[in-house]
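The values are calculated or read from the model by the stated rules, or taken from the named source; none is laboratory data. Note that this is a predicted model, so its numbers are computed, not measured. All Cβ positions, glycine included, derive from the backbone under ideal geometry; neighbour counts span all protein chains shown. What goes into the accessible areas is simple: the full protein's heavy atoms, side chains included, and nothing from ligands, DNA or RNA. Shrake-Rupley method; radii C 1.70, N 1.55, O 1.52, S 1.80 Å.
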Amino acid sequence: MVGTSFMAEAMEEARAAEARGEVPVGAVVVRAGEIIARGGNRTLELKDPTAHAELLVIRQAAAGLGSERLTDCDLWVTLEPCAMCSAAISFARIRRLYYGAPDLKMGAVEHGPRFFGQPTCHHAPEVYSGIAEREAADMLKRFFEARRG
């Protein structure tokens with residue numbers, strides 16, 4: 001499994017999150033061409049405001065590898081990470097970040113604080129945006145439109 005198929009796996013996790021009533025964001029961590037962690041948002045289920053897809057899969061990958069450093073790992077996520085998740089990506093030393101839809105309100109990679117461009121940022125991954133952007137954005141749009149009624 002390579003390339004955008006990893007984003008397809010992240011989209012599956014986003015759909016599973018939506019089925020649980022969560023904001024549909026999914027993520028996978030990839031190392032040496034294999035998915036080593038996968039998950040979606042669980043903030044409501046876990047009653048945890050930090051249970052974003054990115055943090056959950058970073059925690060899972062770090063535990064599985066027995067290291068807080070994921071220097072040879074890539075993160076695929078359906079939505080532009082927020083500032084909290086961007087900090088975790090930096091601290092984990094994620095090698096590459098691939099994301100789908102931009103988040104104009106809460107995103108912190110190419111919008112808002114542009115976390116990785118700050119002089120205080122410890123590590124900035126290579127960033128690739130817009131992967132399956134329309135599909136990810138459409139899923140989020142439908143989710144929030146249904147909530148607004």
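Values for this structure:
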{"item": "Residue ranges of helices (runs of 4 or more DSSP H) in region 1-69 with at least 3 members touching a residue at least 12 places away in the same chain (Cβ under 8 Å) and in contact with a Cys (Cβ under 7 Å, 6 or more places away or on another chain)", "result": "53-65"}
{"item": "Qualifying residue in region 70-79 (condition: at negative phi, surrounded by fewer than 18 Cβ atoms within 10 Å (Cβ to Cβ) and in contact (Cβ under 8 Å) with a residue 24 or more places away in the chain)", "result": "yes"}
{"item": "Among (1) over 22 Å from I36 (Cβ atoms); (2) in contact (Cβ under 8 Å) with a residue 40 or more places away in the chain; (3) open to solvent by less than 10 Å² (accessible area, probe 1.4 Å); (4) within 12 Å of the chain's Cα centre (by Cα), the one test that M139 misses", "result": "(4)"}
{"item": "Subset of region 103-119 [closer than 20 Å to L70 by Cα and assigned to a loop (DSSP other than H, G, I, E, B)]", "result": "V109"}
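Listed here are the residues, each with its yes/no results for (1) among the β-branched types (V, I, T); (2) surrounded by 15 or more Cβ atoms within 10 Å (Cβ to Cβ); (3) touching a strand residue (DSSP E or B) at 6+ places or on another chain (Cβ under 9 Å).
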site: E9; (1), (2), (3): no, yes, yes
site: R20; (1), (2), (3): no, no, yes
site: V25; (1), (2), (3): yes, yes, yes
site: E34; (1), (2), (3): no, no, no
site: V57; (1), (2), (3): yes, yes, yes
site: G64; (1), (2), (3): no, no, yes
site: E68; (1), (2), (3): no, no, no
